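Engineer: A single structure is presented below for examination.
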Amino acid sequence: MNAYELLAPLGMAAYAALTVAFLTGLLKFKFRVKWINMKWHLWAAAVAMILASLHFAVVIYVNL
């Protein structure tokens, strides 16, 4: 597997994690949903940042 084949899966995973982080934050803070745990929001945000950073690194590596 070469680095170019990682671009799409990493991008989609980062976007999905960002969406989960956004939705958990929206549900927690805007709509005051009690069963949403703050840890879920923080973990989703951390995973989104890690995946987005990996995606960025692969994009830079492939385009050099």
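The values are calculated or read from the model by the stated rules, or taken from the named source; none is laboratory data. Quantities reported herein were computed from a predicted structural model and do not represent experimental measurements. Here the Cβ positions follow ideal geometry from the backbone for every residue, glycine too, while neighbour counts run over all protein chains shown. Areas reflect the complete protein model, heavy atoms only, side chains present, ligands, DNA and RNA absent. Shrake-Rupley method; radii C 1.70, N 1.55, O 1.52, S 1.80 Å.
Engineer: Considering only residues of the stretch 20-43 that are β-branched (Val, Ile, Thr) and in contact (Cβ under 8 Å) with a residue 12 or more places away in the chain, which is farthest from Tyr4 (Cα to Cα)?
Structural biologist: So the residue we want is Ile36.
Engineer: Conditions: (1) touching a helix residue (DSSP H, G or I) at 6+ places or on another chain (Cβ under 7 Å); (2) loosely packed, with under 15 Cβ neighbours inside 10 Å; (3) not hydroxyl-bearing (Ser, Thr, Tyr). Lys30 meets all but one. Number of the miss?
Structural biologist: Going through (1) touching a helix residue (DSSP H, G or I) at 6+ places or on another chain (Cβ under 7 Å); (2) loosely packed, with under 15 Cβ neighbours inside 10 Å; (3) not hydroxyl-bearing (Ser, Thr, Tyr) one by one, Lys30 breaks only (1).
Engineer: Would you confirm, using the coordinates I've provided, whether Tyr4 is touching a residue at least 40 places away in the same chain (Cβ under 8 Å), part of a helix (DSSP H, G or I), of a type in the set (Phe, Trp, Tyr) and open to solvent by 90 Å² or more (accessible area, probe 1.4 Å)?
Structural biologist: yes
Engineer: Check Ala17, Ala46 and return the single one that is open to solvent by less than 70 Å² (accessible area, probe 1.4 Å), touching a residue at least 24 places away in the same chain (Cβ under 8 Å) and assigned to a helix (DSSP H, G or I). Write out each step before concluding.
Structural biologist: Numbers: Ala46 fails: touching a residue at least 24 places away in the same chain (Cβ under 8 Å).
Testing whether each residue is open to solvent by less than 70 Å² (accessible area, probe 1.4 Å), touching a residue at least 24 places away in the same chain (Cβ under 8 Å) and assigned to a helix (DSSP H, G or I) leaves just Ala17.
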